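S.K.: Structure provided below as structure tokens; questions to follow.
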Protein chains: 4
Amino acid sequence: MIIIMGNGATDAQIGAVVTKIEGFGLTANVSRGTERTVIGAIGDERKLSPDMFDPMDGVEYSLHIVKQYKIVSRDSHRRDTVIDVGGVPIGGNRIQIIGGPCSVETQQQMDLSAQHVAAAGCRLMRGGAFKPRTSPYTFQGNGVDGLDMFRKAADKHGLRIVTELMDARMLEVFLKYDVDVIQIGTRSMQNFELLKEVGRIDKPVILKRGMAATVSEWLMAAEYIAAGGNHNIIFCERGIRTFETAYRNVLDVTCVPVLKKETHLPVIIDPSHAGGKAWMVPALARAAIAAGADGLLVEMHPSPCDAWCDADQALNPEEFAALVESLRGIAGIIGRSL
Amino acid sequence: MIIIMGNGATDAQIGAVVTKIEGFGLTANVSRGTERTVIGAIGDERKLSPDMFDPMDGVEYSLHIVKQYKIVSRDSHRRDTVIDVGGVPIGGNRIQIIGGPCSVETQQQMDLSAQHVAAAGCRLMRGGAFKPRTSPYTFQGNGVDGLDMFRKAADKHGLRIVTELMDARMLEVFLKYDVDVIQIGTRSMQNFELLKEVGRIDKPVILKRGMAATVSEWLMAAEYIAAGGNHNIIFCERGIRTFETAYRNVLDVTCVPVLKKETHLPVIIDPSHAGGKAWMVPALARAAIAAGADGLLVEMHPSPCDAWCDADQALNPEEFAALVESLRGIAGIIGRSL
Amino acid sequence: MIIIMGNGATDAQIGAVVTKIEGFGLTANVSRGTERTVIGAIGDERKLSPDMFDPMDGVEYSLHIVKQYKIVSRDSHRRDTVIDVGGVPIGGNRIQIIGGPCSVETQQQMDLSAQHVAAAGCRLMRGGAFKPRTSPYTFQGNGVDGLDMFRKAADKHGLRIVTELMDARMLEVFLKYDVDVIQIGTRSMQNFELLKEVGRIDKPVILKRGMAATVSEWLMAAEYIAAGGNHNIIFCERGIRTFETAYRNVLDVTCVPVLKKETHLPVIIDPSHAGGKAWMVPALARAAIAAGADGLLVEMHPSPCDAWCDADQALNPEEFAALVESLRGIAGIIGRSL
Amino acid sequence: MIIIMGNGATDAQIGAVVTKIEGFGLTANVSRGTERTVIGAIGDERKLSPDMFDPMDGVEYSLHIVKQYKIVSRDSHRRDTVIDVGGVPIGGNRIQIIGGPCSVETQQQMDLSAQHVAAAGCRLMRGGAFKPRTSPYTFQGNGVDGLDMFRKAADKHGLRIVTELMDARMLEVFLKYDVDVIQIGTRSMQNFELLKEVGRIDKPVILKRGMAATVSEWLMAAEYIAAGGNHNIIFCERGIRTFETAYRNVLDVTCVPVLKKETHLPVIIDPSHAGGKAWMVPALARAAIAAGADGLLVEMHPSPCDAWCDADQALNPEEFAALVESLRGIAGIIGRSL
């Protein structure tokens, strides 16, 4: 923690800050410069926060110098973590493409989807049984029936399933259907009670980035899960909100190298929600893999025009298979496999 | 719904769009321009959505022409709604200032706070028993004990209480302590399951704007509550996330006249979270009232430097009382009372 | 300047940083904490910049602790600066409303506008002779002829004139027509060559904030003007660019108290460009004055529907006069006059 | 142009809109729906703009249906444009990497840089002689002397040169030194007078995207250049401004497929300014090429730690050569060469 005193801070004001630091069991280093006095707190600064010092007389501002996340930080674990999803690794050298429809519609649609996902060489499948929709008047998902259809379709093809949990009260049902990876959606990234719940189990969790969440807030959200004991966390970037209106979101590829530096956990990308249009997906998917992502969440529907939601962003099975093939080439160039 | 066809769209492509519109029971108006053909869907366009048309061949883009919210729209209810909080009106000519600390700390702190809130002439009090905190390692609120302290302190001074609900499983406890106004926080604005729960009861709800939520998404979130039957909704602007780093958030006063045009429901402002520093609060509070807000949520603490959270944004009791006084003057200028 | 060393930085790496600091004639304070070593540079840190240290081995990051602006900073001049525009003060207790049309169209339109501006009790008039337009195919302003019409119309009513300079090559013409206040527009805020030119003269300059400029960048842009010798600078907030699409820009009232703290120079607000619609202007104008702005730039047109540009954001003369009147009331409440 | 009338618009109000449309020589299509009446203007809608209709009684809002750019639009020129820079093509199948230092420092530094750029197999070199700097107190570039050093160094290795023009008054000097590609910087994207000047010559122009410019504004800025007769325009994305503070800008790779759809002109990317740190550059550069960019602007310095500006974002010659090599592999996978 560093406390920068304002121009003209008095000795008494400096002394009060030092006393406060010492009161928490840390020691203070006072450095008097030509324009400002700077006070450093030496010891475990996680006990302190800027709002303890900022309202004190004579303080200009204060800031943490150490990141507030611990378990998810690469400082605490130098090597890349590889998460085991029923025998399928996420993280590490192998890249995983998770394909499937936006929402679970019918058993037939899910069977067909699973068949195409497996045929393209993928090992994990996505699909929403509970859907967070902007309007209360649109399709909200098939719920538990959807989980059942999804599980059956995936099992026929030996696929692991990924689906979103929106409400802590449904966690038991998710465990009953043995959902392999629980997705925490964009709108739930800071639903701290939900994070605590998935922190208590040991199922892998995909934590999507909030629409306007900073990388730091995202890491702290993961820390909520990790603090409960569940370290099987996968970050998923899905486009951020900016001033641009020509596309739904801006895919933030810069977060990939930055997260790789800050955390030991895997990072995947959802190019479908980022752009919002199927024709943008191949370019974004290729960029994601080239930037170093450990995998992708890609929407594919057996018949996109008939999809019950987000019909304009799903690839058809042929487009999906062709995309996976071109990603295999890029993976090879950067020394990875798919 | 308007569908704009691409340059060079064929008659067959136009025909397919018309057929799709008619399939939903609407009629189509085809207007062939010099550069583009435009197709209008006539009838209840809420049955349609852009993603039904955008993936069709020949379509450039499509858009709704009518807003997707109904119950909260001023189209459905022309006059301003006044919400009754145990005899205290929110909305209408009278402006309400809701004061109190960020979090419930001790019974003594709450008693003192309630005394100062009442002394300043306010009728409602704020305070957090359950706190959404960015870090899992910081104070998470006193929980149910906090509700108890809050209720007791407020009752001594005849104040109505406002506090945040973060988890649907706690709703029963909120009702037991007869929380007068349930606050849905910024991070929960699109927690749709929570919105549905507070839609089923009839307690007034303050719906805070998400950190990067558009006005349209915010109105749709309110529509989730309203669709369940609870129309006692109060919008609360609390600063939005932008590129600016000199202050925590940017208070968006423009949303006040815009919401007043779009909805019949009351709009209040939280100047404390917007700026993030106590010294900014008076200027922002005055701007909010001058812009037409129906009330404010203002942080006040008996001893700001000792507050357990957000210590740098609380006013002390004297500053709070002085602020309320100056707001009374501005209210008078624009023909309102406080 | 503070340099934070990474976890595990070696003595040699720390030594290299110290040597570099000393090479610039400053001294180094090394503080070894439990997790990080922090090095403070003591002396005139403006000789240093983070990019000198960030690429060095072992450095995690570095930051300035003193703001980079000097002349415009309140540290260098404690009292509010009042700028004299031909006898009309900007800054200080009196609030100035600068009214007039978006663009200079005809002599008659300008004569009528000047008459209404003066009738409302204003002393300064705005109007664009050179217009920055998004499209090359729209009206680009009347140029020098426009300046001539503007000067004549204003002189009949004793008004000072404010108009935008887009190109350094036109500065001579602006001086010939004795433009009283030169406006540097949003898109030119970081046109550094233009800033240097207006820094060489002594005419008052209104420096509009860039569409996505931080307060810090804005102050540095002002410092460009001030460094040339011209200290007659007026900041003008005009709405910033965010994710919100329900209105053109978000008026940032928070910048008013923040600028008042950081600089001694006056701050005004343009509510017309901020919201983009005439019906939003009164609410935003009142908020601006309540927040502490020293004045406003307001678009008024004798016949808004016939305006050649931005027809939807101009007030008509009656609306303008009524607005000025209500602002007078708010000014009184906060102890100012208008 | 489509004009959406408000709920309850009268026949007289609808008639007034029709009359206004007809007054511009277009015809009107009136479509009366169940909730709204929609009026379409048929003919050349570029004569119309929303602000002509929005202030009319009964109008809710209006919008263009055709994009406002013409020459740069793919509608006007279906095939990709390949720009000839003294025999080196930009656009088309071949990808160009433009390397070099942030600023021109000394003849020796430029000679060394040119040697390394050529050795890596590149044909174009970047370097700034005139530097737009946030602070007036930092190095502003070597000016005309810098152009001279740059030209000499590049000529020894047969490289084309790319450098930024900040001021129209320097254009003559740029032509004298035969600058091969004139760069219009981020802060000048909407310096319309400068755009008009480079529109009058036939030198290729790199148009960098403004820090918070929409794709639509960027295309309109290019249209300013094209409208003057110069169609040799190259778009350059360099990161946009968002709420994220963990890195300087967010590289927007989504704009690549979107621009490729909207315009026939080449699109390149500057990964160095986007991330702001050398260690991020390889990941971003690979993402850019994988997303379909036609080239890159990459900062390389013979000795990054000694660079006079942006020292933390330049690659050293070895890193640069290795990056070019890995990009060659990705180019091959997507069927292009480098």
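The values are calculated or read from the model by the stated rules, or taken from the named source; none is laboratory data. Treat the numbers as computed from the prediction; the structure is a model and nothing was measured. Heads up, the Cβs are rebuilt from the backbone with ideal geometry, glycines too, and the neighbour counts pull from every protein chain shown.
S.K.: Picking from B:Ala213, B:Ala222, which residue would you name as being within 9 Å of the chain's Cα centre (by Cα) and either modelled with pLDDT under 95 or in the same structural domain as B:Asp155 (by TED's automatic domain parsing) (or both)?
M.R.: Result: B:Ala222 is the single residue among B:Ala213, B:Ala222 that is within 9 Å of the chain's Cα centre (by Cα) and either modelled with pLDDT under 95 or in the same structural domain as B:Asp155 (by TED's automatic domain parsing) (or both).
S.K.: Considering only residues that are in a strand (DSSP E or B) and in contact with a Phe, Trp or Tyr (Cβ under 6 Å, 6 or more places away or on another chain), look in the range C:39-64 and name the one that is nearest to A:Gly40 (Cα to Cα).
M.R.: Out of the qualifying residues, it is C:Ser62.
S.K.: If we scan the range B:40-58, do we find a residue that is under 30 Å from B:Asp270 (Cβ atoms) and of a type in the set (D, E, K, R)?
M.R.: No, that holds for no residue.
S.K.: Take the residues in the range B:21-71 that are more than 9 Å from every other protein chain (Cβ to nearest Cβ) and among the basic types (Lys, Arg), then tell me which one is nearest to D:Val30 (Cα to Cα).
M.R.: Among them, the one singled out is B:Lys67.
S.K.: Something else about it: If you go through the range C:227-248 one residue at a time, do you hit one that is over 23 Å from C:Ala283 (Cβ atoms), assigned to a helix (DSSP H, G or I) and either in contact with a helix residue (DSSP H, G or I) (Cβ under 7 Å, 6 or more places away or on another chain) or not assigned by TED's automatic domain parsing to the domain that holds C:Asp180 (or both)?
M.R.: Scanning the range C:227-248, I find at least one residue that is over 23 Å from C:Ala283 (Cβ atoms), assigned to a helix (DSSP H, G or I) and either in contact with a helix residue (DSSP H, G or I) (Cβ under 7 Å, 6 or more places away or on another chain) or not assigned by TED's automatic domain parsing to the domain that holds C:Asp180 (or both), so the answer is yes.
S.K.: Kindly indicate which of D:Gly143, D:Gly99, D:Gly121, D:Gly87 is surrounded by 20 or more Cβ atoms within 10 Å (Cβ to Cβ) and more than 30 Å from D:Ser49 (Cβ to Cβ).
M.R.: Every option except D:Gly99 fails the conditions.
S.K.: State which residue pairs qualify: first residue in contact (Cβ under 8 Å) with a residue 24 or more places away in the chain and surrounded by fewer than 20 Cβ atoms within 10 Å (Cβ to Cβ) and inside the range D:42-61, second residue among the β-branched types (Val, Ile, Thr) and assigned to a strand (DSSP E or B) in any location, beta carbons under 7 Å apart, and separation of 6 or more residues or different chains.
M.R.: D:Glu60/D:Ile4; D:Tyr61/D:Ile4
S.K.: Separate question: Please count how many residues of the range D:129-140 are surrounded by fewer than 24 Cβ atoms within 10 Å (Cβ to Cβ), closer than 19 Å to D:Phe174 by Cα and either without any contact (Cβ under 8 Å) to a residue 60 or more places away in the chain or not charged (D, E, K, R) (or both).
M.R.: Residues flagged as surrounded by fewer than 24 Cβ atoms within 10 Å (Cβ to Cβ), closer than 19 Å to D:Phe174 by Cα and either without any contact (Cβ under 8 Å) to a residue 60 or more places away in the chain or not charged (D, E, K, R) (or both) within the range D:129-140 amount to 2.
S.K.: Hey, another quick one. Conditions first: (1) touching a Lys or Arg at 6+ places or on another chain (Cβ under 8 Å); (2) in the same structural domain as A:Ala118 (by TED's automatic domain parsing); (3) not aliphatic (A, V, I, L, M). A:Asp84 passes all but one, so which condition is the exception?
M.R.: (1)
S.K.: State yes or no: is D:Ile201 in the same structural domain as D:Ala168 (by TED's automatic domain parsing) and within 9 Å of the chain's Cα centre (by Cα)?
M.R.: Answer is no for this residue.
S.K.: Could you please find all residues in the range D:277-308 being part of a strand (DSSP E or B) and among the β-branched types (Val, Ile, Thr)?
M.R.: Within the range D:277-308, just D:Val298 meets the criteria.
S.K.: On to the next question. Being surrounded by 15 or more Cβ atoms within 10 Å (Cβ to Cβ) and either under 22 Å from B:Ala321 (Cα atoms) or among the basic types (Lys, Arg) (or both) is the filter here, so list the residues in the range B:62-84 that pass it.
M.R.: Result: B:Lys67, B:Lys70, B:Arg74.
S.K.: Among residues belonging to the range B:227-282 that are over 21 Å from B:Pro101 (Cα atoms) and among the hydroxyl-bearing types (Ser, Thr, Tyr), point out the one that is farthest from the other protein chains (Cβ to nearest Cβ).
M.R.: Checked the range B:227-282; the qualifying residue farthest from the other protein chains (Cβ to nearest Cβ) is B:Thr263.
S.K.: Right, next: Which residue pairs have Cβ atoms under 9 Å apart, sit 6 or more places apart or on different chains, and have a first residue in the range D:5-25 that is surrounded by 13 or more Cβ atoms within 10 Å (Cβ to Cβ) and a second that is of a type in the set (Phe, Trp, Tyr) and assigned to a helix (DSSP H, G or I)?
M.R.: Pairs found: D:Val17/D:Phe53; D:Lys20/D:Phe53; D:Ile21/D:Phe53.
Quick grid of which residues meet (1) modelled with pLDDT of 90 or more; (2) in contact with a strand residue (DSSP E or B) (Cβ under 6 Å, 6 or more places away or on another chain); (3) on the phi > 0 side of the Ramachandran plot:
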residue	(1), (2), (3)
A:Met5	yes, yes, no
A:Gly8	no, no, yes
A:Gly33	no, yes, no
A:Arg74	yes, yes, no
A:Thr81	yes, no, no
A:Ile95	yes, yes, no
A:Ser113	yes, yes, no
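S.K.: For the range A:197-226, enumerate the residues that are in a helix (DSSP H, G or I) and within 8 Å of chain B (Cβ to nearest Cβ).
M.R.: Result: A:Glu217, A:Met220, A:Glu223, A:Tyr224.
S.K.: Would it be correct to say that B:Arg169 is in the same structural domain as B:Leu207 (by TED's automatic domain parsing) and over 24 Å from B:Pro271 (Cα atoms)?
M.R.: Spelling it out, B:Arg169 is indeed in the same structural domain as B:Leu207 (by TED's automatic domain parsing) and over 24 Å from B:Pro271 (Cα atoms).
S.K.: A further question follows. Can you give me the number of residues within the range B:129-154 that are touching a helix residue (DSSP H, G or I) at 6+ places or on another chain (Cβ under 8 Å) and within 11 Å of B:Met110 (Cα to Cα)?
M.R.: Result for the range B:129-154: 6.
S.K.: Just for the range B:156-196: of the residues that are farther than 24 Å from B:Val215 by Cα and free of Cβ contacts under 8 Å to residues at least 12 places away in the same chain, which one is surrounded by the fewest Cβ atoms within 10 Å (Cβ to Cβ)?
M.R.: B:Glu172
S.K.: Moving to a separate point now. Just the residues that are in contact (Cβ under 8 Å) with a residue 12 or more places away in the chain and within 13 Å of D:Ala213 (Cα to Cα), please, taken from the range D:236-248.
M.R.: Correct list: D:Cys236, D:Glu237, D:Arg238, D:Gly239, D:Ile240, D:Arg241.
S.K.: What's the number of the only condition in (1) buried (at least 17 other Cβ atoms within 10 Å of the Cβ); (2) in contact with a Lys or Arg (Cβ under 6 Å, 6 or more places away or on another chain) that C:Ser31 fails to meet?
M.R.: Of (1) buried (at least 17 other Cβ atoms within 10 Å of the Cβ); (2) in contact with a Lys or Arg (Cβ under 6 Å, 6 or more places away or on another chain), only one is false for C:Ser31: (2).
S.K.: Continuing with this model, one more query. Can you tell me which residue is farthest from the other protein chains (Cβ to nearest Cβ) among those in the range A:284-338 that are under 27 Å from B:Phe53 (Cα atoms), of a type in the set (A, V, I, L, M) and surrounded by fewer than 20 Cβ atoms within 10 Å (Cβ to Cβ)?
M.R.: Among those that are under 27 Å from B:Phe53 (Cα atoms), of a type in the set (A, V, I, L, M) and surrounded by fewer than 20 Cβ atoms within 10 Å (Cβ to Cβ), it is A:Ala321.
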